[in-house]
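Visitor: Structure incoming, see below.
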Amino acid sequence: MTKKNLNIILKTENLSIGYKTKREDLMVASNINIELEKGKLIGLVGANGIGKSTLLRTLIKVQPSLSGLILINNKDLNQTRVQELAKQLSIVLTEQMTSKNLSVYELVALGRHPYTNWVGNLSQNDIEIINKSLELVNISNLKDKKCFELSDGQLQKVMIARAMAQDTEIIVLDEPTTHLDMYHKAYILKLLQKLTKETGKTILFSSHEIELAIQLCDTMIVMTNNDVICNQPCNLISEGIFETLFPKDLIKFDNSTGSFRVSK
Amino acid sequence: MNNNKTYRIHFLILLIVLLLCFLVNICLGSISIPLGNVIEGLFGTLENETWQIIIKDFRLPKAITAILVGSGLGISGLLMQTLFRNPLAGPFVLGISSGASLGVAIIILGSGLFGGVFATYLISKWSIVIAASLGSFLVLLAVLAVSSKVRDTMAILIIGLMFGSITAAVVSVLSYFSTAEQLQQYIFWGFGSLSNLSWNELSLFFGLYILGLFLAVFSIKNLNSLLLGDNYAKSLGLSLKRSRLVIILATSLIAGTITAFAGPIAFIGLAIPHLTRQIFRTSNHRILLPAVLLFGAIVMLVCDSIAQLPSSDYVLPINAITALVGAPVVIWLLVRQRKMMF
């Protein structure tokens, strides 16, 4: 038990997420208890509107939790300053960046901001990390391109490289596969798997690509109307969790192939 | 970064052009002074005493004012465009110039209310400078107070515009009750003017400008993070509220001082960042900020030289010239490149 605890990098205790309004709290999900291990690829799945983004936004401190605890390396997220958090956790969001007028290299270099001095000078070490991130994500050939010249798939890789350059133990990605074709969806998720294996980072992403996630993830978090379940994909299949994901009138989960079938 | 070398050439050219514009600006005026004599005059070794006085007490302060005004407005515009993620933002979106206008309008147009001798005493140059500073400072305080309550950056933009509308309305009401002479005086202030600053006024101007510039340079790194959007910036360890405050303070210091001393000079603040982005083709503030500084100074010197109408006694309102010269250039650049850089 103690040995396992050492490996837990992110943990929630009785976490409730949602939106605070003046009159009442709009609860999106409650009683969330998840434990994420170091060096694992974790997929977060669930139907539209179930609260995947809300959960991720709460975990990365973009929005406050309603109650409960979030612990990163056993430290309460509410007690962690943003400057400190920037060295522990990096993000890739669905929102478009404001300016696409930066070169790929400049954009990836922004990932070094938590470590550079007040004017943002890059040290030799920073430059090495930036180049390594570009290599890991396989976009060294793009580094002098402007971001507006890139395709959606390339841009997603650049944003992942930027998160890599931030050199944090955890990377959180909100739906990194939207707007991508089938090949690039698989490519991005495979890339995330490779990054966890080669760098030992913990990567948490939300996605609608349940079938790909089942094949690639070490752990999956499934959000249903009643519960948030965190387990290995094969256990989730044998427990029949995926069948409870969607209403059963249209699609059905096939346990033997690990994929969804349209009901005839 | 990796293509620093090409930018070095850009900067060298800009510096040389700035120096040339500076000298030519001093040469031109109601009487033209040859370039050689101007250089002697700058070192104070000119034999022609009239020319020496013209250069030292009139043209040199005016050229320096032009440099401070052009570069300052350009930088404030750049800060506002990045902070508000809006290419239409300029140095005055926070209502700084409308605040200054209100202050000046109360002094000039409302002076009838104070009556008699007191009124003429009020309308001195310093009182206008003080009224303009007070006006913009009060509007700024209001915007800052509101912005500390509001989490959304866009809301601050709208609030700034609303403050502008309110002050504009008050100015309208005041002008409705004013005499023709008072109105004329107010309109003349609105034309903007780079001349008539004494060395004392100029040194105060310079001090405040440097303070604002220091804050702007201090924000370069944060401005670059903000290019990714608020959430990314926060994930990079940026304290949003604090950096927003520093950026707004820098802008108000620079733009407020400029409006107080030179009037509400339009257009430069909006256009210079766009022109610079088109030429330098980057959004990286480490390059943009110094480039905007140099470029703004050059454009203002050129505009001022044109406004002087060389070899005549007429001086056109600088505010008209900046837009007359600048707007076609921006249109031409955008049409030619077919793509706006932001």
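The values are calculated or read from the model by the stated rules, or taken from the named source; none is laboratory data. Small disclaimer: the values here were computed from a predicted structure and weren't measured. We place every Cβ from the backbone using ideal geometry, glycine too, and count neighbours over all the protein chains shown.
Visitor: Any residue in the range B:79-106 that's more than 16 Å from B:L253 (Cβ to Cβ): show its pairings with residues that are modelled with pLDDT under 85 and assigned to a loop (DSSP other than H, G, I, E, B) at Cβ separation under 7 Å, as long as the two are six or more apart or on different chains.
Guide: B:Q81/B:P87; B:Q81/B:A89; B:F84/B:V93; B:R85/A:T98; B:P87/B:M340; B:P87/B:F342
Visitor: A follow-up question, please. Considering only the range A:79-116, how many residues are loosely packed, with under 15 Cβ neighbours inside 10 Å, under 29 Å from B:Q278 (Cα atoms) and more than 8 Å from chain B (Cβ to nearest Cβ)?
Guide: 1
Visitor: Moving to a separate point now. Output the number of the condition that B:I254 fails; it satisfies all remaining conditions of (1) part of a loop (DSSP other than H, G, I, E, B); (2) within 28 Å of B:A155 (Cα to Cα).
Guide: (1)
Visitor: Related question: On the given criteria, is B:P290 assigned to a helix (DSSP H, G or I), more than 30 Å from B:A145 (Cβ to Cβ), within 14 Å of another protein chain (Cβ to nearest Cβ) and at pLDDT 90 or above? Give the derivation first.
Guide: Values: assigned to a helix (DSSP H, G or I): yes; more than 30 Å from B:A145 (Cβ to Cβ): yes; within 14 Å of another protein chain (Cβ to nearest Cβ): yes; at pLDDT 90 or above: yes.
In short, yes.
Visitor: Exactly one of these conditions fails for B:L249: (1) over 19 Å from B:I64 (Cα atoms); (2) surrounded by 20 or more Cβ atoms within 10 Å (Cβ to Cβ). Give me its number.
Guide: Evaluating B:L249 over (1) over 19 Å from B:I64 (Cα atoms); (2) surrounded by 20 or more Cβ atoms within 10 Å (Cβ to Cβ) leaves (2) as the failure.
Visitor: Looking only at residues in the range B:306-317 that are modelled with pLDDT of 85 or more and more than 17 Å from the chain's Cα centre (by Cα), which one is nearest to B:L28 (Cα to Cα)? Break it down stepwise before answering.
Guide: Step one: list which residues in the range B:306-317 are modelled with pLDDT of 85 or more, which gives B:306-307, B:316-317.
So of that shortlist, the ones also more than 17 Å from the chain's Cα centre (by Cα) come out as B:306, B:316.
Values: B:I306: 9, B:L316: 14 Å.
This residue is B:I306.
Visitor: Do the conditions hold for A:L173, that is, is it away from chain B (no Cβ under 14 Å), closer than 25 Å to A:T58 by Cβ and at pLDDT 95 or above?
Guide: Numbers: away from chain B (no Cβ under 14 Å): no; closer than 25 Å to A:T58 by Cβ: yes; at pLDDT 95 or above: yes.
No.
Visitor: Separate question: Please enumerate the residues belonging to the range A:1-18 that are of a type in the set (S, T, Y) and either in contact with a Phe, Trp or Tyr (Cβ under 9 Å, 6 or more places away or on another chain) or at pLDDT below 90 (or both).
Guide: So the first thing to find is which residues in the range A:1-18 are of a type in the set (S, T, Y), and the list is A:2, A:12, A:16.
Scanning the range A:1-18 gives a single hit, A:T2.
Visitor: Restricting to the range B:229-262, give me the number of residues that are within 14 Å of chain A (Cβ to nearest Cβ) and not charged (D, E, K, R).
Guide: Adding up the residues that qualify gives 12.
Visitor: Moving to a separate point now. Give the number of residues within the range A:123-172 that are within 11 Å of A:S90 (Cβ to Cβ) and not in a helix (DSSP H, G or I).
Guide: Total satisfying the criteria: 7.
Visitor: While we're here: Of all the residues that make up the range A:135-155, how many are more than 10 Å from chain B (Cβ to nearest Cβ) and within 19 Å of A:N101 (Cβ to Cβ)?
Guide: As a first pass, look at the range A:135-155 and keep what is more than 10 Å from chain B (Cβ to nearest Cβ): A:135-142, A:145, A:149-155.
Among the residues that remain, those that are also within 19 Å of A:N101 (Cβ to Cβ) are: A:139, A:142, A:145, A:149-152, A:154-155.
So the count comes out to 9.
Visitor: Same structure, new question: For the range A:32-55, which positions are surrounded by 18 or more Cβ atoms within 10 Å (Cβ to Cβ) and part of a strand (DSSP E or B)?
Guide: Here is the first cut: in the range A:32-55, the residues surrounded by 18 or more Cβ atoms within 10 Å (Cβ to Cβ) are A:32, A:34, A:36, A:40-46, A:50-55.
Once the filter is applied, which keeps residues that are surrounded by 18 or more Cβ atoms within 10 Å (Cβ to Cβ) and part of a strand (DSSP E or B), the range A:32-55 yields A:I32, A:L36, A:L41, A:I42, A:G43, A:L44, A:V45, A:G46.
Visitor: Testing B:S195 on (1) touching a residue at least 60 places away in the same chain (Cβ under 8 Å); (2) within 7 Å of chain A (Cβ to nearest Cβ); (3) among the polar types (S, T, N, Q), one condition comes back false. Which one is that?
Guide: Failing condition for B:S195: (2).
Visitor: Consider A:T196 carefully, then state whether it is more than 20 Å from A:S151 (Cβ to Cβ), hydroxyl-bearing (S, T, Y) and in a helix (DSSP H, G or I).
Guide: Details: more than 20 Å from A:S151 (Cβ to Cβ): yes; hydroxyl-bearing (S, T, Y): yes; in a helix (DSSP H, G or I): yes.
Here the answer is yes, as A:T196 does meet what is asked.
Visitor: Of everything in the range A:56-78 that's charged (D, E, K, R) and in a strand (DSSP E or B), which residue is farthest from the other protein chains (Cβ to nearest Cβ)?
Guide: Checked the range A:56-78; the qualifying residue farthest from the other protein chains (Cβ to nearest Cβ) is A:D76.
Visitor: Moving on to the next point. When the residues of the range B:263-287 are narrowed to those that are small (G, A, S) and away from every other protein chain (no Cβ under 12 Å), which ends up surrounded by the most Cβ atoms within 10 Å (Cβ to Cβ)? Give the steps one after another, and end with the answer.
Guide: Initially, the range B:263-287 is screened for residues small (G, A, S), giving B:263, B:266, B:269, B:271, B:283.
Checking the rest, the ones that are also away from every other protein chain (no Cβ under 12 Å) come to B:263, B:266, B:269, B:271.
Working: B:G263: 25, B:A266: 21, B:G269: 33, B:A271: 25.
This residue is B:G269.
Visitor: Another question, then. Any residue at all in the range B:62-77 that is of a type in the set (V, I, T), closer than 18 Å to B:S198 by Cβ and without any contact (Cβ under 8 Å) to a residue 24 or more places away in the chain? Don't jump to the end; show me each part of the working.
Guide: Let us first name the residues in the range B:62-77 that are of a type in the set (V, I, T), namely B:64-65, B:67, B:69, B:75.
After this cut, where a residue has to be closer than 18 Å to B:S198 by Cβ as well, the list is B:64-65, B:67, B:69.
Of the ones still in play, those that are also without any contact (Cβ under 8 Å) to a residue 24 or more places away in the chain are none.
Within the range B:62-77, not a single residue is of a type in the set (V, I, T), closer than 18 Å to B:S198 by Cβ and without any contact (Cβ under 8 Å) to a residue 24 or more places away in the chain.
Visitor: From the list A:Q124, A:Q166, which one is at the interface with another protein chain (Cβ under 9 Å from one of its Cβ atoms) and either touching a His at 6+ places or on another chain (Cβ under 8 Å) or farther than 21 Å from B:R281 by Cβ (or both)? It would help to see each step written out before you state the result.
Guide: Values: A:Q124 fails: at the interface with another protein chain (Cβ under 9 Å from one of its Cβ atoms).
After ruling out the rest, the residue left standing is A:Q166.
Visitor: Separate question: Could you tell me which residue of the range B:209-228 is nearest to the other protein chains (Cβ to nearest Cβ), considering only residues that are surrounded by fewer than 18 Cβ atoms within 10 Å (Cβ to Cβ) and not aliphatic (A, V, I, L, M)?
Guide: B:F218
Visitor: What single numbered condition from (1) within 26 Å of A:G200 (Cβ to Cβ); (2) in contact with a helix residue (DSSP H, G or I) (Cβ under 6 Å, 6 or more places away or on another chain); (3) away from chain B (no Cβ under 14 Å) fails to hold for A:V158?
Guide: Tallying (1) within 26 Å of A:G200 (Cβ to Cβ); (2) in contact with a helix residue (DSSP H, G or I) (Cβ under 6 Å, 6 or more places away or on another chain); (3) away from chain B (no Cβ under 14 Å), A:V158 fails exactly one: (3).
Visitor: Take A:T58 and decide whether it is within 19 Å of B:L240 (Cα to Cα), in contact (Cβ under 8 Å) with a residue 40 or more places away in the chain and buried (at least 17 other Cβ atoms within 10 Å of the Cβ).
Guide: On the way: within 19 Å of B:L240 (Cα to Cα): yes; in contact (Cβ under 8 Å) with a residue 40 or more places away in the chain: yes; buried (at least 17 other Cβ atoms within 10 Å of the Cβ): yes.
Taking the combined requirement at face value, the residue satisfies it.
Visitor: Kindly list, by first and then second residue, each pair from a residue in the range B:157-173 that is within 23 Å of B:L79 (Cβ to Cβ) and among the hydroxyl-bearing types (S, T, Y) to a residue that is at pLDDT 85 or above and not in a helix (DSSP H, G or I), limited to pairs with Cβ atoms under 7 Å and residues at least 6 apart or on different chains.
Guide: Cβ pairs passing all conditions: none.
Visitor: Working only within the range B:186-232, note down all residues that are of a type in the set (A, V, I, L, M), modelled with pLDDT of 90 or more and outside any loop (DSSP other than H, G, I, E, B).
Guide: Within the range B:186-232, B:L202, B:L204, B:L208, B:I210, B:L211, B:L213, B:L215, B:A216, B:V217, B:I220, B:L223, B:L226 qualify.
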